[in-house]
Amino acid sequence: MAGKKVLIVYAHQEPRSFNGSLKKVAVDELSEQGCTVTVSDLYAMDFEPRATRKDMTGALSNPEFFSYGVEAYEAYKKRSLTSDIVNEQKKVQEADLVIFQFPLYWFSVPAILKGWMDRVLCQGFAFDIPGFYDSGFLQGKLALLSVTTGGTAEMYTKTGVSGDFRYFLWPLQHGALHFCGFKVLAPQISFAPEFVSEEERKGMLASWSQRLKTIWKEEPIPCTPPWYFGQ
């Protein structure tokens, strides 16, 4: 939709990977709609995933006992976070939709993306206490996880060896994104792209492109335990 701003937080080492193809499809389709699309290519940026005292450029509020959460909160208020964090926060603040494109690592995100979440979505910027879940500071923004898996779709069912795929989405979608106020759209999961035919991979890309054509009309998922775990 013309005028909308989209941030794609992309976490894959290889531009020619299937994740890279999914990212390109999103950039192309959303740009064609007239959206302004920004990509944070975390590996290409050599993004620092470690949350350390180096993230604060000013004096610590308690130099005797370091607490990252406390110091990040104070640094945000004093505008003394490092520029790499501030730059990403600005991208998030300007976005109407944030898409996270990544391969599933151990039922979670790659370390570099976890570090992005740890450092960028800090207290004061993304939430406060109180000021979380429906009151989170990123309310009004949409978020979407576009994930590739190593396992097949059959493995990620309630009777499959890995359990329902919604189980691993709980800490990411609910504990991180919804906690910060995002309205969460249904995930785009591409199952086992490395183990299917070229035609099937093309079908996955086409499906993603087709979905993005009407992405602005989608309703967010209900961010409650029943969506993830059933009644």
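The values are calculated or read from the model by the stated rules, or taken from the named source; none is laboratory data. Note that the structure is predicted; figures quoted are calculated from it, not measured. Ideal geometry is used to build each Cβ from the backbone, glycine not excepted, and the neighbour counts take in all protein chains shown. Just so you know, the surface numbers come from the protein's heavy atoms only, side chains and all, with ligands and any DNA or RNA stripped out. Shrake-Rupley method; radii C 1.70, N 1.55, O 1.52, S 1.80 Å.
How large is the accessible surface per residue of the range 52-209, computed with a 1.4 Å probe and reported in Å² as a whole number?
48
Whole angstrom only: what separates the Cα centroid of the range 188-231 from the Cα centroid of the range 144-169? Answer, in whole Å: 12. Both numbers refer to the Cα atoms of the range 70-227; Rg and Dmax are 16.9, 53 Å. Calculated on the Cα set of the range 96-184, radius of gyration then Dmax: 14.0, 41 Å. Judged by the ratio a/c of the largest to the smallest principal axis of the C-alpha gyration tensor, the range 160-231 counts as oblate, that ratio being 1.5 or greater while a/b is no larger than b/c. Sorted largest first by accessible area at a 1.4 angstrom probe radius, with every protein chain in place, the residues Arg119, Arg211, Arg201, Arg16 fall in the order Arg16, Arg201, Arg211, Arg119. The relative contact order of the chain comes to 21 percent, based on Cα pairs under 8 Å that sit 6 or more residues apart. Site-free segments of the chain were taken between GluC sites (Glu not before Pro) in DSSP loops having at most 15 other Cβ atoms within 10 Å, sites themselves excluded; the longest one is 65-217. So what's Rg/Rh here for the range 38-156, counting alpha carbon atoms and using the Kirkwood radius for Rh? That ratio is 1.00, to two decimals. The accessible area of Asp28, taken with all protein chains in place and a 1.4 Å probe, comes to roughly 70 Å². Across the protein chains, with a 1.4 Å probe defining accessible surface, the residues Lys23, Lys217 rank Lys217, Lys23 from largest area downward. In terms of distances greater than 27 angstrom between alpha carbons, the cross-link table entries Lys4/Lys24; Lys158/Lys217; Lys114/Lys183; Lys4/Lys54; Lys158/Lys183; Lys23/Lys77 yield Lys158/Lys217; Lys4/Lys54; Lys23/Lys77. Principal-axis analysis of the Cα atoms of the chain puts helix 18-32 at an angle of about 80° to the longest axis. When the chain is described by a simple charge dipole with +1 on each Lys and Arg Cβ and -1 on each Asp and Glu Cβ, the residue from Pro49, Ala59, Gln210 located farthest towards its positive end is Ala59. The sum of -39500 (n - 2.57) across all DSSP H runs of n ≥ 4, divided by the residue count of the chain, sets its helix-only mean residue ellipticity at 222 nm to -9500 deg cm²/dmol. Counting only the Cα atoms, the range 84-133 fills a convex hull of 103 Å³ per residue. With a 1.4 Å probe and every protein chain kept in, tell me what percent of the accessible surface of the range 1-43 is carbon plus sulfur. Here carbon and sulfur together make up 50 percent of the probe-accessible area. Among Ser21, Ser146, Ser135, the sequence by solvent-accessible area, most first, with a 1.4 Å probe is Ser135, Ser21, Ser146. Once you order the gyration tensor axes a ≥ b ≥ c over the Cα atoms, which shape class does the range 6-105 get: rounded for a/c under 1.5, otherwise prolate or oblate by comparing a/b with b/c? Prolate, because a/c is 1.5 or more and a/b exceeds b/c. Only the Cβ atoms of Lys and Arg (+1) and of Asp and Glu (-1) were treated as charged; on that basis the dipole of the chain about its Cα centre amounts to roughly 340 debye.
Taking the Cα centre of the range 123-231 as origin and assigning +1 to Lys and Arg Cβ atoms and -1 to Asp and Glu Cβ atoms, the resulting dipole is close to 240 debye. Have a look at Thr38, Leu97, Gln123 and report the one farthest towards the positive end of the charge dipole of the range 29-134, computed about the Cα centre with Cβ charges (Lys/Arg +1, Asp/Glu -1). Result: Gln123, furthest along the dipole toward the positive end.
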